[in-house]
Amino acid sequence: MENTEQRLSRLRGGGDPEAHNARTIAAMTRNPGCVRRAIMDAAGVDKPAVAAAVGHPTSIGRLSDFAVSRGISFETRVKSEGCAELLRLLREQLGLPVPQAHYEDLGSTGKGETVSGRYLRSKAMLDTAEQGTGTLFDHPLLRLSISGVWAYLEPDLVAFQLGEKFYVIEIKSFPVIDGVADASKVAASVTQSAVYVLALQSLLSEAGRDPGLVSHEVILVCPKDFSNQATATLVDVRKPLAALRRQLSRMDNIAALLHLLPANVTFDPELPAMELAQALTQASARYSPECLAACEMGSFCRAEAKGSTAILGRTVREDLGGVDAVSTALELATGRLQPTKDLLQAAHVLRLAQRMRTEALAR
Amino acid sequence: MSTLTALARVQAAHHGAAQQICTVRHLHVHDRPLVLVPLTLAGETNAPLAAMVGDRHGNPQVLVVPRPRLREQRFVFVERLANIVLSYVDGFTDDVETLPAKRKDDEPRQRFTDAPQVWVPNPGGVEYLRLMGRMTRFRQTTGDYAVAAGVPQLGKWATWLAEQAEYPDSSVLVAATQALTGFWATGQSSLEDGNLAALMGWIAPPAGMTAEQAAATAEDPILCPPAGPATDPQFDRLVLAPALRDLEEAPSDAVRVRVQERLTLALREQMQPTWDRVWQAIGLLGAQQPGGSVEQRWAADRDRFSDFVAYLRDTGHPQAKRDSAVLGARKLHDMERRLANFEAQRAFDDPLVMGEQRMTGEAFTGIVTWSDPLRTVTLSRRVLRPGIVVETEDPLRLVAGDADLRDPQRPNQKASILRLSESAGKISVSLELQGGTGSGLTAPPGSVPAVGERVTYSRLQVSYMSPGQFPARDQTPWTHGGPPQPYAPATSDAAEDWS
Amino acid sequence: MTAAEQAERAVAEIIGTFTSGAHRGVVVDSPPGAGKSTLVVRTSTELARQGEQICVVAQTNSQVDDLIIRMATAADDLRIGRLSAGDYRPSDEVSRFPFVRVASKIDDLASCKIIVGTAAKWVYVTDGQWPWAIIDEAYQMRSDMLLRIASRFERMLFVGDPGQLDPFSTVEESHRWAGLAWDPMQSAVAVLLRNNPDLPQLRLPLSWRLPPSAAPVVAKAFYPFTGFEAATAPQTRGMKATAAGLGVGPVDDVIDIAAETGWGFYEMPARNTIRTDAEAVQATVAIATRVLQRGTETYCEHAPGGRRIEPGRIAVGAAHRDQVTALRQALEASGGSGIRVDTANRLQGAEFDVTVMLHPLSGRIDATAFHLESGRLCVLTSRHRHACIVVGRAGIPDLLDTHPSVEPIYLDAMTKFPDGWEANQAMLAHLAGHRVAAF
Ligand code: SF4
């Protein structure tokens, strides 16, 4: 009998699973109702490769080189000289009492250290860090269980311990202008921070300490106004945390979703395109236009959903009274189709709408 | 969204062509608009890279910042942009009209007979102007960080324009995608409608292409450069980055000039399709019949334009970075009232918009089946209260006792529902009318709807816009942080970094 | 300490803190049915009896009338003024009290000890300052309204229920002011406290309305940080249908469960429907009228011997106006007249014995911020003294689980807790244990 892990491995066509990172984990909360995505994420399927193989290459996550290099140079600035700039912000802007700070780089030693070995080192350092002083931990290695498999996260951020509390610090290169930042960028970033908060909590639990020591406020560091100066803001991440926890616990039940899939189905990017596309349709999707920006499979699923009202937008189907096909909606509206009992009310509304449109446009 | 718009999307998807969701256009379309297609450098905050700008389709000015990371070059760009925008705006400050005073003791008012209208491709363009305004309006024309006079002036105008765009009834700054989706529904989602090329593909596909093909092509950044302000990452990597590097390393002026020409050409190619589409959008919308109150709203835009010109000629301080408590409350008050009036005007001008009200049962259209223009009731004395009965097939959700309903044909007449009765799928609504019939006990002919007339009653109304009672700025109460600091120019603002 | 003593101590502390005059503002959080109006009446009449003049600001005309009637009943020795619009005509109940004076100009009320008016009316009082004011339903008032009237008063007592619906704006999409300490779209209390975090914040600890079966549930879902308790003991409250049900129908079953446990969830088969889902409307109406038909009686501290539920003691609630109209029409058709039907917005502050609520997410495909707003569900599930029955289609937990969390986050914005999504989950988890499946 094949166990879940083996099944997942076969699903992705053998080989190592795609490594998750905070961005891909955060993205899981963007369409939690989609079985296709849940299974692909759980199995660590190479989604961009699959999307390309079925003729719908994705551009998600593709950034301009200019943006990437700005991001790197900003982060380097903030963290230079043992995070001097960062400490200044914590003291001056957030009023945190940091008399003097230690800086610990938990980055890879490069001496053939294994991932789990590095994790243990991070854990040991974070667990035994001397309390009462401020300590900045750079490049800690954290991990989170995604449907029973450890995903190792290497945040290029620092965890900051002050007194008893741990704070997650997220450095981003979008600006805060007069105290205002792009709200969807903030949401995306702090959802990623929430992944680290969760991972840090689980690290502390493993070490037998109170996970509540991790603050539910993360420190977001961004360029100020139009300059290269940094500014720090505390952001409450309780909402993204709750969404994340719930989605991860759903992923833990991945076995239940796997049962919905015929045993011979795999999402191996090496499969012939037709076969792969066929396999994908075996896992039910829940397409909405938001997918285009949130999931690598967006373009494929949109093509698949052609003819359904889902491609017109999340609220449209609601406004049409739950009718899910474009042609049905139109036939009900024009009276060519007799509604079944469950569509009686929807049909009535659609006919009325049709009458109003015809009447108004004819005048 | 409403069921009517949802159905229009369904029809569009089915027929492969955009569908009208309005019978008339509610936007003022200028006969001499200024179009601005901006591009920015990725990774920096609103760092200008290039722009195509002008008030004639065939005659765009192409501005390029050859070394976008150099502060001086950015200022050169802003100066040139300022020259174009300011001379366009100034062109509307020559002709004035005089209007009678609003109140008895006031002086007669003056306003300009026309106002500027700036088009950008999408909401990103509006944001570009807002940030451009923020970057430049605090700059000073004297002192250590002196800039040309046009720079802060452009900042104030850009800020004003971007702020007007927050009010749905204003037409001085228009994002083409929003103007188009206000009139047409496509067979794709509103998210995809944000792509100007895809949207135009549904409304007016290029010859030989279906709407779907056009929309699909629009998603390929090679075939169809994005409408900005952000550029395509591939373009950045393959074209822009090498050109910028070559400029940096150019061994001689001659080489530099050649690279610069190459860069300008490449950027122009990125902007040209968008430039053409914005003009095409202006043409398509301009060709639509305007709604009855478009002119009135444009007059209000002209009022605000005139006020702002006067403000600039007076103190002309740059607008605050964020609203103070009193200013914020005032603006919210204006925004809500202007929105309510705009919604009413649109419904009155456009049966499709009114249709949305009728769908929800908040309004109804029907035929007058009985009319008594001489009906009177006795309150403290006998007064005229004409009565009518309207028969409707609409799914009415109003009930007996609902009052203050209005028919757009008689805006000064209020109706209240006395009774409702239903038979054979039709509802008969008995209405009592008040107002709009003169002062006597007989209603002048035509002032009361006659039998056979088609009428529409709703709760919508266009009301007088009261300025509202607010404390003075220096009287801001302690509950809201007390009075804010008055404005004083700060060197730190003038010296602000543009990384 | 008895419940009454505990409540009295809280009230005394509040009045003491306010009348000490040491603070320009005092905030009182009052959970559902905790005696907010009683507090307002007590504070104003006590101050007035000490010879002080006190102004009361309410949010709607009916709230003003309600307060005036309570004050006039409690103190017939005090002159009360009602500041009103020019065309206001006093209701019969208000005109019963000859010492209540109605005027549209504040100067005409100078002789009154207590002056009550809506915030919208106080805006037009542009001069003068009064020493004491109570801002009633302060969480329902928008901060821009407070800005316009705050200077009229030296000290203010802000009273309201933090769990209810936030004030509303027609330009909700505008985020121009997000993050500002004086964001005009926020509630008056949120802005007040953001600018003055040190003001005393007190609370009323006991609900006299919600029965012991409801108080902990509502407190946990909607008031997770402060909480409150029921003032009554479990045995004090009871409900019983005098005519037995037919014993087979789910409508009777859900009424029986609600009579026994205080909660009922009538779950209909899953289906995506339009908003005015005819079957759900029918079911809601059937339950409400069936409660009457069965001669249901309630027992409580006011009627230990039991009394029969009258139509006016039942409420039917929904999220949308069109749903309310459909429910009203259906109720009229089935002889349920006298039962109050309204949206959550309008049911705020009202109290009934039994409530039957159409769940805001019933039949939907997607949730929106409107449907998830915690205040909406809180209002709908906290109006009852005895039992609350919720009607909805199956699949709501799933709908919540599949709700994408993509809400934008504004820096320094005042976020409301609890989150509507979580509050909904908590309430559904509770209702799951009181479920009756419809056929
Ligand atoms: S794009 Fe497809 S697979 Fe991805 S979340 Fe959307 S529906 Fe699911």
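The values are calculated or read from the model by the stated rules, or taken from the named source; none is laboratory data. What you see is a predicted model; the values in this text were computed from it and never measured. Backbone-built Cβ (ideal geometry, glycine too); neighbour counts: all protein chains shown. Quick note on the areas: whole protein, heavy atoms, side chains included, nothing else; ligands and nucleic acids left out. Shrake-Rupley method; radii C 1.70, N 1.55, O 1.52, S 1.80 Å.
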Exercise. Short version: ³J(HN,Hα) in whole Hz for each residue of the stretch B:415-430, in order, from phi by Karplus 6.51 cos²θ - 1.76 cosθ + 1.60 (θ = phi - 60°), x for Gly and Pro, what are they?
Worked result: 10, 10, 7, 8, 8, 10, 9, 10, 8, 6, x, 10, 10, 9, 10, 8
Problem set entry | Coarse-grained scattering of the stretch B:63-166 at q = 0.13, 0.17 Å⁻¹, given as base-10 log I(q)/I(0) from a Debye sum over alpha-carbon atoms | -0.59, -0.87
Exercise. Based on the inverse mean of 1/r over its pairs of different Cα atoms, what is the Kirkwood hydrodynamic radius of the protein assembly as shown, in Å?
Worked result: 34.2 Å
Exercise. 222 nm [θ] for chain C, helices only, -39500 (n - 2.57) per DSSP H run of 4+, per residue, to 500?
Worked result: -10000 deg cm²/dmol
For this session: Using 0.36 nm per residue of separation minus the Cα-Cα distance, give me the extension gain between residue C:394 and residue C:307 in nm, one decimal.
Result: 27.9 nm
Problem set entry | Dipole of the stretch C:1-148 [Lys/Arg +1, Asp/Glu -1 at C-beta], most positive-end residue of C:84, C:27, C:135 | C:84
Problem set entry | residue A:303-residue B:105 pseudo-label distance in nm [points 7 Å out on the Cα-to-Cβ vector] | 7.4 nm
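Provide the per residue accessible area, probe 1.4 Å, for the stretch B:3-319, rounded to a whole number of square angstrom.
It amounts to 41 Å² per residue over the stretch B:3-319.
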For this session: Using only the alpha carbons, work out the radius of gyration and Dmax of the stretch A:232-363 in angstrom.
Result: 20.3, 61
Exercise. For the stretch B:455-499, what value does the Rg/Rh ratio take when both radii are computed over Cα atoms and Rh is the Kirkwood radius, given to two decimals?
Worked result: 1.34
Problem set entry | Ellipsoid semi-axes in whole angstrom, largest first, where each is sqrt(5λ) of the Cα gyration tensor of chain A | 44, 27, 18
Seminar exercise, completed: Once amide hydrogens are built 1.01 Å from N within the peptide plane, the residues lying 5 or more places from residue A:143 or on another chain with amide H under 5 Å from its amide H are A:153
For this session: Please give every one of the lysines within straight-line cross-link reach of residue A:239, meaning a C-alpha to C-alpha distance under 25 Å, and leave out same-chain neighbours fewer than 8 residues apart.
Result: A:165, A:172, A:185, C:220, C:416
Problem set entry | Cα-based helix-to-principal-axis angle, A:344-362 vs chain A, degrees rounded to 10 | 80 degrees
For this session: Take the Cβ-Cβ distance between residue A:229 and residue C:2 as r, set R0 to 51 Å, and report the resulting FRET efficiency rounded to the nearest 0.05.
Result: 0.25
Exercise. R0 = 51 Å: FRET efficiency of residue B:269 with residue B:424, Cβ-based, nearest 0.05?
Worked result: 0.20
Seminar exercise, completed: The set of residues whose placed amide H lies less than 5 Å from the amide H of residue C:35, leaving out same-chain residues fewer than 5 positions away, is C:208
Problem set entry | Two-site FRET efficiency, residue C:129 against residue B:56, from Cβ-Cβ distance with R₀ of 51 Å, rounded to 0.05 | 0.25
Exercise. Residues with amide H under 5 Å of residue C:268's amide H, sequence separation 5 or more or different chain, H placed in the peptide plane at 1.01 Å from N; which?
Worked result: C:392, C:393, C:394, C:438
Exercise. Regarding chain B, what whole-number volume in Å³ per residue does the convex hull of its Cα atoms give?
Worked result: 200 Å³
For this session: Mind giving me the nanometre distance, one decimal, between the label points for residue B:87 and residue B:70, set 7 Å out from Cα along Cα→Cβ?
Result: 2.5 nm
For this session: In whole Hz, with x marking every Gly and Pro, tabulate ³J(HN,Hα) for the stretch C:187-201 from phi via Karplus 6.51 cos²θ - 1.76 cosθ + 1.60, θ = phi - 60°.
Result: 6, 4, 5, 4, 5, 3, 6, 5, 7, 9, x, 8, 5, x, 10
Exercise. What nm distance separates the two modelled labels at residue C:154 and residue C:73, each placed 7 Å from Cα along Cα→Cβ?
Worked result: 3.3 nm
For this session: Compute the normalised compactness of the stretch A:312-362: alpha-carbon radius of gyration over 2.2 N^0.38 Å, N being the residue count.
Result: 1.09
For this session: Could you pull the Rg and Dmax for the stretch C:59-216, using just the Cα atoms, both in Å?
Result: 17.3, 49
Problem set entry | Amide N proximity, the stretch C:55-72 versus residue C:49 label position 7 Å along Cα-to-Cβ, cut-off under 14 Å | C:71-72
Seminar exercise, completed: Gyration tensor (Cα only) of chain C to equivalent ellipsoid, semi-axes in Å sorted down, yields 37, 26, 20
Problem set entry | Volume per residue that the Cα convex hull of the stretch C:301-439 spans, once the total is divided by residue count, Å³ | 148 Å³
Exercise. ³J(HN,Hα) across the stretch B:176-187 via Karplus (A = 6.51, B = -1.76, C = 1.60, θ = phi - 60°), whole Hz, x for Gly/Pro?
Worked result: 4, 4, 6, 4, 6, 6, x, 10, 10, 10, 9, x
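Take the Cα pairs of the stretch B:348-458, get the Kirkwood Rh, then feed it into Stokes-Einstein at 10 °C and 1.306 mPa s and tell me D in µm²/s. Don't skip to the answer; put the middle values down first.
Numbers: Rh = 14.1 Å.
Using the Kirkwood radius from Cα pairs, D works out to 112 µm²/s.
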Seminar exercise, completed: At 20 °C and 1.002 mPa s, the Stokes-Einstein diffusion coefficient in µm²/s for the stretch A:65-247, with hydrodynamic radius from the Kirkwood sum on alpha carbon pairs, is 128 µm²/s
